[in-house]
Amino acid sequence: MTEQEVLEIFKKTGAILEGHFLLSSGLHSNRYFQMARVLQYPRIASTLAGELVARFTGRDIDAVIGPAIGGIVLSFALAEKIGVRSIFAERENQVMSLRRGFIIEKGENILVCEDVITTGGSVSEVLEVVKSYGGKIAGGCCLVQRGKHNLDFPVEFLVKIEVENYFKEECPYCKSGIPLVKPGSRNLSI
Ligand SMILES: [Zn+2]
């Protein structure tokens with residue numbers, strides 16, 4: 001699958017919208033991401049996961065982990081393809097941790113995933129969780145890589161997208177008089 005083909009799927013399912021959006025940060029952007037909209041289709045999620053899993057052929061992977069909520073469905077889809085456990089990390093008193101009886105055995109090889117990676121903040125918090133259990137990082141992957149992340153290991157992605165963010169005063173879309181859209185959900189990926 002080419003990046004263009006994946007992008008078409010994202011657009012068709014409404015996972016990526018193009019226009020003039022007000023983000024939860026207050027910035028204006030030309031793109032809005034909501035990966036839950038593509039991952040709500042299990043067969044598409046499975047196809048996309050297959051594309052990512054192919055990049056890790058021959059790699060030892062004992063489990064897949066992602067941060068809640070964005071990483072849960074992708075982790076499940078990846079783990080189903082590989083035939084291993086799918087777990088997720090979530091915040092407890094602001095600290096990313098494993099709950100619900102999930103554990104990582106010492107020495108297990110863990111694939112870390114996230115739907116959209118920007119700077120890699122949530123993923124690096126998940127890394128700390130994996131390391132705290134004595135797990136090893138088998139690799140990282142995501143559906144969308146936005147710009148450049150700060151992670152110190154390679155991350156596989158299906159599409160890389162540069163997103164324009166503007167302060168209201170400098171927004172060219174405002175200046176062109178294009179109506180500003182506030183996405184319905186506060187659960188933005190950006
Ligand atoms: Zn604007």
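Side notes on the structure shown:
- Candidate lysines for bridging to Lys106, where Cα separation is under 27 Å - those fewer than 8 sequence places away on the same chain excluded: Lys81, Lys131, Lys136
- In terms of the mean number of neighbouring beta-carbon atoms within 10 Å, the peptides 9-20, 138-149 order highest first as 138-149, 9-20.
- Each DSSP beta bridge with both residues in the stretch 3-175 is either parallel or antiparallel, and the antiparallel ones are about 35%.
- Applying a 4.7 Å Cβ-Cβ cutoff to the chain, the cysteines left without a disulfide-compatible partner are Cys113, Cys141, Cys142.
- Most fluctuating residue given options Ile178, Ile104, Ile65, as computed from a GNM of the chain linking Cα atoms under 10 Å: Ile178
- If R0 equals 41 Å, the separation of the Cβ atoms of Tyr133 and Glu169 corresponds to a calculated FRET efficiency of about 0.30.
- Partner lysines whose Cα lies under 24 Å from the Cα of Lys168, excluding those fewer than 8 positions away in the same chain, are identified as Lys148, Lys182.
- Each Lys and Arg Cβ is given +1 and each Asp and Glu Cβ -1; about its Cα centre, the stretch 3-175 then shows a dipole of about 240 debye.
- Global geometry of the stretch 3-175, whether rounded, prolate or oblate, following the gyration tensor of its Cα atoms and the 1.5 cut on a/c: prolate
- Förster-model FRET efficiency, 41 Å R0, Arg59 and Lys182, C-beta, rounded to 0.05: 0.45
- Using a Förster distance of 30 Å, the FRET efficiency for Gln40-Lys106 (Cβ separation, nearest 0.05): 0.25
- Simple label model, 7 Å out from Cα along Cβ direction - Glu162 to Ser25, nm: 1.6
- Most positive-pole-ward Cα, Leu180, Ser25, Phe157, against dipole of the chain from beta carbon charges: Leu180
- Judged by the mean number of other Cβ atoms found within 10 Å, the most tightly packed of the peptides 90-102, 71-83 leads the ranking 71-83, 90-102.
Here, each number is a calculation from the coordinates, and none is a lab measurement. Source: prediction; values computed, not measured. A quick note on method: Cβ atoms are made from the backbone with ideal geometry, for glycine too, and the neighbour counts reach across all protein chains shown.
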